[in-house]
Amino acid sequence: MSKAEIKSPLPGMFYRRPSPDSAPFKNDGDAVSAADVIGIVEVMKSFHEVTAGIDGKAIRFLVDDADAVMAGQALAEVEA
Amino acid sequence: MTISSVLIANRGEIAVRIIRAAKALGLRTVQVYSHADAGSLAVQLADEAIDIGPPAAKKSYLNIEAVLAAARAAKVDAIHPGYGFLSENADFAEAVVAAGMKFVGPDASAIRLLGDKVVARQVAARAGVPTVPGSDGRVSDITEAAAIVARIGFPVMIKAAAGGGGRGIRIAHTLEDFERHFPQASAEAAAAFGDGGLYIEKVIEKARHVEVQILGDGRNFVHCYERECSLQRRRQKVWEEAPAAGLPADVRESLCDSAVALARSVGYSGAGTVEYLYDDASRDFYFIEVNTRIQVEHPATEMITGLDLVQEMLRIAGGQPLSVRQEDISIAGHAIECRINAEDPHRGFMPGPGTVETLVVPRGEGIRFDTMLFAGYTVPPFYDSLLGKLIVHGSDRAACLAKLRTALAGLRITGIPTTVPLHQALAADADVAAGRFHTRFLEDWLETKFAASAGGAREVA
């Protein structure tokens with residue numbers, strides 16, 4: 001069983017939901033495909049979608065909704 | 001003056017600007033900061049600095065309780081809110097006063113009145129200020145709406161009463177368009193803002209954005225002439241001038257007088273800006289809104305009038321009457337302000353926070369750079385991308401542009417992307433030099449001229 005990390009492409013604020021009242025893009029344990037959006041990074045008031053970039057059976061988030069993140073920081077890991 | 005200390009409830013370049021003005025008046029300065037701003041220039045310059053929480057603005061700079069707790073702990077007499085954040089929050093202004101301090105700005109009631117777009121339009125109309133032809137307030141149904149449209153003509157904007165900042169706007173060019181958009185707009189506004197109320201305004205095509213700087217002390221009201229901010233991208237101002245190029249003298253007089261009439265009608269206290277659309281072809285101007293705070297582009301006005309607007313705000317909050325009468329204020333020369341943002345204009349204006357490696361600032365008579373940068377400073381990703389403002393003053397617009405080109409060539413910021421190349425291209429453009437622009441000019445220009453000058457291969461979103 002191999003694991004891959006999904007890293008933040010940008011520094012900023014990481015959001016797991018499309019808007020504060022919406023359901024999260026993904027929950028821990030959900031399957032993902034490479035093109036799936038798993039979150040949004042807000043950098044200087046502009047919003048950038050983060051895609052999984054890899055197919056996997058289960059995703060596990062390493063940061064909470066609305067956490068500050070650095071560029072290159074692991075946001076989640078995916079079981080291939 | 002009744003105040004001897006002030007807390008700055010903001011960050012970035014405007015916090016630095018307010019500290020400098022406060023120190024010039026001999027006030028003790030207290031800077032609040034989030035964890036992302038502990039090493040900021042404002043924190044270094046202030047007499048005291050107080051931690052108010054995590055980087056996210058809603059947990060720090062927008063947290064009314066945290067800001068008030070800091071103000072009480074530091075025993076300040078006043079709070080300056082800057083722009084953005086809590087600056088136009090009437091509840092905050094009220095809470096500051098309830099806590100026994102002065103809010104550097106107008107009364108909560110004036111903020112509330114002028115902050116409601118439909119009410120502000122009615123206040124303007126009552127003060128004799130021309131408003132964009134349209135409905136007198138909310139329109140209840142499509143029959144009433146269609147009658148208004150028949151009177152004002154197409155194209156029209158259908159706007160959400162609860163919208164703002166460009167959200168909740170639809171444009172209709174024909175009656176069929178209108179009949180299709182109106183019910184959709186109402187449903188969308190109800191979903192997005194919890195209020196399906198709509199109002200209607202005629203679209204003023206190829207308009208310029210002009211705005212009048214006002215000052216009031218509750219009894220006396222003056223204008224400090226106008227600025228033009230037509231060069232905008234996604235409704236964000238990029239380049240501002242004072243005065244507006246090519247505004248006829250008689251139009252300037254009636255425009256500025258209308259802003260003073262509006263200020264007087266609400267007993268305005270503090271600095272404010274009345275924004276208008278101006279139609280070159282008909283020489284008509286129309287009220288848009290009032291901003292009840294200091295604006296980013298206020299230095300352009302300071303350069304042509306010699307006033308210090310932030311010091312004036314602090315003096316007004318300290319109970320002093322205006323230091324100037326209308327006849328003391330006049331226009332000398334021309335000023336241009338370029339907003340320098342941490343964005344890459346060659347990559348769709350992608351924001352680029354990070355560490356500034358070198359900073360070389362141009363110096364000389366009539367050149368000013370308002371900034372929070374220093375070499376080695378790391379620009380955090382959590383706030384807006386404004387790094388600083390280059391403001392240049394010349395004896396006339398042509399001299400100002402020539403000086404601006406030299407100043408831009410002398411401004412060097414490395415380590416992060418900036419919009420300096422965008423301003424260099426604008427300052428060299430023939431249409432800009434001739435003052436041939438309107439509020440839609442810049443976006444077209446970016447897609448055509450700027451994209452071509454950047455080599456074509458690079459994407460300009």
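Observations, loosely collected:
- Computed as a quarter of the hull surface, the mean projected area of the alpha carbon convex hull for the range B:271-353 stands at 8.9 nm².
- Expressed as a whole percent, the accessible area of the range B:194-244 that falls on carbon and sulfur atoms is 38 (1.4 Å probe).
- Per residue accessible area in Å² of chain B, where ligands, DNA and RNA are left out and the probe is 1.4 Å: 39 Å²
- Computed with a 1.4 Å probe over protein heavy atoms only, the accessible area of B:Cys400 comes to about 0 Å².
- Taking the accessible area of chain A, probe 1.4 Å, and keeping the other protein chains in place, the carbon and sulfur fraction comes to 49%.
- Burial here means at least 50 square angstrom less accessible surface with every protein chain in place than with the chain by itself, probed at 1.4 Å; in the range B:327-372 the buried residues are B:Pro351.
- Within 10 Å of the Cβ of each residue in A:67-75, the mean number of Cβ atoms contributed by other protein chains is 2.
- Rg and Dmax over the alpha-carbon atoms of the range B:329-460 stand at 15.3, 49 Å.
- Highest to lowest packing among B:56-63, A:26-33, scored as the average C-beta count within 10 Å: B:56-63, A:26-33
- Interchain or long-range residues, amide H under 5 Å from A:Val50's placed H: A:Ile38, A:Gly39, A:Ile40, A:Val41
- Electrostatic bookkeeping for B:Leu27 treats Lys and Arg as +1 and Asp and Glu as -1; over the other residues with beta carbon under 15 Å from its beta carbon, the sum is +2.
- Ordering A:Val37, A:Ala66, A:Leu10 by Cα displacement along the dipole of chain A toward the positive end leaves A:Leu10 in first place; charges were set at the Cβ atoms of Lys, Arg (+1) and Asp, Glu (-1).
- Total accessible area lost when B and A pair, probe 1.4 Å, Å² to nearest 100: 1000 Å²
- With Rh defined as the Kirkwood radius, the inverse of the mean 1/r over Cα pairs, the Rg/Rh of chain A is 0.94.
- On the principal axes of its alpha-carbon atoms, the range B:240-281 has extents of 33, 21, 15 Å, going from largest to smallest.
- Figure note: B:Thr131, B:Thr406 ranked by solvent-accessible area, largest first, 1.4 Å probe, ligands and nucleic acids not counted: B:Thr406, B:Thr131.
- In the range B:279-368, the trypsin sites (Lys or Arg not before Pro) that fall in loop regions by DSSP, at most 13 other Cβ within 10 Å: B:Arg283, B:Arg325, B:Arg363
- log10 of Debye I(q)/I(0), alpha-carbon scatterers only, for chain B at 0.06 Å⁻¹: -0.26
- The protein assembly as shown pair-distance distribution - Cα-Cα, 10 Å bins, rounded %: 3, 16, 25, 28, 19, 6, 1, 0, 0
- Among the listed pairs B:Lys58/B:Lys206; A:Lys45/B:Lys117; B:Lys159/B:Lys389; B:Lys389/B:Lys449; A:Lys3/A:Lys26; B:Lys117/B:Lys389, those beyond 26 Å (Cα-Cα): B:Lys58/B:Lys206; B:Lys159/B:Lys389; B:Lys117/B:Lys389
- Based on the reciprocal of the average 1/r between different C-alpha atoms, the Kirkwood radius for the range A:1-48 equals 12.1 Å.
- Semi-axis lengths, Å, the range B:33-178, gyration tensor of Cα atoms, sqrt of 5 times eigenvalues: 42, 18, 12
- Shielding by other protein chains, A:43-50, mean Cβ within 10 Å: 5
The values are calculated or read from the model by the stated rules, or taken from the named source; none is laboratory data. Since we're looking at a predicted model, the values are computed, not measured. Cβ: placed from backbone, ideal geometry, glycine included. Neighbour counts: every protein chain shown. SASA here: full protein model, heavy atoms, side chains in, ligands and nucleic acids out. Shrake-Rupley method; radii C 1.70, N 1.55, O 1.52, S 1.80 Å.
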